[in-house]
1. What number comes out for the charge environment of residue 147, summing +1 per Lys or Arg and -1 per Asp or Glu over other residues with Cβ under 12 Å away?
2. Based on alpha-carbon atoms only, what is the radius of gyration of the stretch 54-129 relative to the globular estimate 2.2 N^0.38 Å?
3. If we count other beta carbons within 10 Å of each Cβ, what is the order of 134, 45, fewest first?
4. Based only on other Cβ atoms within 10 Å, what is the fewest-to-most ordering of 73, 148?
5. List the lysines whose alpha-carbon lies under 27 Å from that of residue 63, not counting same-chain residues fewer than 8 positions away?
6. Under the 0.36 nm per residue contour assumption, what length would be gained going from the current alpha-carbon distance of residue 95 and residue 112 to full extension?
Amino acid sequence: MTNLLSTAWLAAAAVALAACGGGASQPKTPAPLPDNYDDMNHEQRIQFMKEVVLPKAKDIFVKFDAKYADMNCKTCHGKGASTGEFKMPNPDIKVLPGTEEAFMAYIAKDEKAARYTKFMAEQVTPLMAQLLKRTAFDPKAGTGDFSCGNCHVSDPPHPPLPHAHHDHDHHDGAHEGGDPDAGSAAGSAAPAH
Ligand code: HEC
Ligand code: HEC
């Protein structure tokens, strides 16, 4: 009897499998993401942000301030998270003073700004650069292609650093048309870049 039952079960399973063409009953595994952010399309970038960027960013933000327990796409992308565009830099987060003098004056008189700047420079920028496989801007050496300006708009405007490694993301106007000398104007502290 046991034997018969198990055979019946097997047969039923085989029929069910055949009916949906075998593999179709397998749980759907999403295609693996490309290794490089630059090689991802819009949908893959959303998946990457969801699975990798947001959890890692939230981790350091919460350690910095528990109020970020509800951190989400909007924390970095502002309204861009609702429109689905996710354009960066995002004008909804703090617009940073765009000259070294103005920036230094801002953090000198604003204790919160100073505290955030340290966190942003030492943790947020390096983490994000690493996740996007870019190099955090080093104000002393003048090297790197990811900085504050990739997330924050600045006033006067400070375009995001030109991104050298790959050239297939030309659809993103934000990477283009920048003044190539914009970075050198600000000196060693230049966190606003
Ligand atoms: C810690 C900040 C941060 C968080 C949180 C974050 N992102 Fe991003 N995201 C970025 C940055 C920075 C870029 C732009 C990288 C670049 O090209 O300079 C970006 C780019 C994108 C892009 C590509 C935009 C384009 O123009 O190609 C998409 C799509 C995106 N994010 C979706 C999301 C989604 C969805 C979430 C939430 C699950 C999310 N992001 C959370 C920082 C963040
Ligand atoms: C990956 C994106 C990203 C990068 C890179 C980044 N920031 Fe931020 N920054 C944020 C987010 C998100 C917040 C928090 C917004 C909030 O709490 O609503 C923030 C907040 C701040 C604040 C607090 C402003 C205020 O009073 O509310 C300052 C100051 C700041 N950033 C400066 C910098 C500086 C300087 C750099 C470069 C050294 C930098 N940020 C790099 C995303 C970024």
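1. Taking every Cβ under 12 Å from that of residue 147, the sum is -1.
2. The value comes to 1.17.
3. 45, 134
4. Ranking 73, 148 by Cβ neighbours within 10 Å, fewest first, gives 73, 148.
5. 50, 74, 79, 87, 94, 109, 112, 118, 133
6. Full extension of this stretch gives 4.7 nm more.
Values in this text are rule-based calculations from the coordinates and carry no lab data. Keep in mind that this is a model prediction, so the values were computed, not measured. Methodologically, a virtual Cβ is constructed for each residue, glycine included, from the backbone with ideal geometry; neighbour enumeration extends over all protein chains shown.
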